């Protein structure tokens, strides 16, 4: 870690993976559903083939709706999470970097699990 605004090598990968995991945590994981509930509700729609799909629908107006829109879009949330991760890395490196490392490890574990499930379903 340095005072430079540039990040090289492994620290950069740690921040990327931590951003991935934190974004997924905020947008998709059940454990943070309580955080999303004030801003969005889940809608269900039946497709032509009879299957059902669920998707988040933002609630309210103004700031509440904006947050609902943000939390229903992993690309949008990812931008703001990356700003927070990068800022914390530079402002509080001795606290943030170990925390981001844990999230990065969890992110890699999630990716590995997804790959394993993909191949198990193909067998």
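The values are calculated or read from the model by the stated rules, or taken from the named source; none is laboratory data. Note that the structure is a prediction, hence the values are computed from the model and not measured. A quick note on method: Cβ atoms are made from the backbone with ideal geometry, for glycine too, and the neighbour counts reach across all protein chains shown.
Determine, yes or no, whether residue 82 is part of a helix (DSSP H, G or I) and touching a residue at least 60 places away in the same chain (Cβ under 8 Å).
yes
Looking only at residues in segment 85-95 that are touching a helix residue (DSSP H, G or I) at 6+ places or on another chain (Cβ under 8 Å) and in contact (Cβ under 8 Å) with a residue 40 or more places away in the chain, which one is farthest from residue 23 (Cα to Cα)?
Among those that are touching a helix residue (DSSP H, G or I) at 6+ places or on another chain (Cβ under 8 Å) and in contact (Cβ under 8 Å) with a residue 40 or more places away in the chain, it is 89.
Checking residue 34 against (1) under 21 Å from residue 111 (Cβ atoms); (2) in a helix (DSSP H, G or I): exactly one of these is not met. Which one?
With respect to (1) under 21 Å from residue 111 (Cβ atoms); (2) in a helix (DSSP H, G or I), residue 34 is out only on (1).
Mind checking which residues of segment 38-77 are part of a loop (DSSP other than H, G, I, E, B), touching a residue at least 24 places away in the same chain (Cβ under 8 Å) and out of contact with any helix residue (DSSP H, G or I) (no Cβ under 6 Å at 6 or more places or on another chain)?
38, 72, 73 - these are the residues of segment 38-77 that are part of a loop (DSSP other than H, G, I, E, B), touching a residue at least 24 places away in the same chain (Cβ under 8 Å) and out of contact with any helix residue (DSSP H, G or I) (no Cβ under 6 Å at 6 or more places or on another chain).
Kindly indicate which of 11, 98 is surrounded by 14 or more Cβ atoms within 10 Å (Cβ to Cβ) and not in a strand (DSSP E or B). Before the answer, list the steps.
On the way: 98 fails: surrounded by 14 or more Cβ atoms within 10 Å (Cβ to Cβ).
After ruling out the rest, the residue left standing is 11.
Just to be sure, is residue 35 touching a residue at least 40 places away in the same chain (Cβ under 8 Å) and closer than 21 Å to residue 87 by Cβ?
Spelling it out, it is not the case that residue 35 is touching a residue at least 40 places away in the same chain (Cβ under 8 Å) and closer than 21 Å to residue 87 by Cβ.
Given the conditions (1) surrounded by 10 or more Cβ atoms within 10 Å (Cβ to Cβ); (2) in a helix (DSSP H, G or I); (3) out of contact with any strand residue (DSSP E or B) (no Cβ under 8 Å at 6 or more places or on another chain); (4) at pLDDT 95 or above, which single one is not true for residue 90?
(4)
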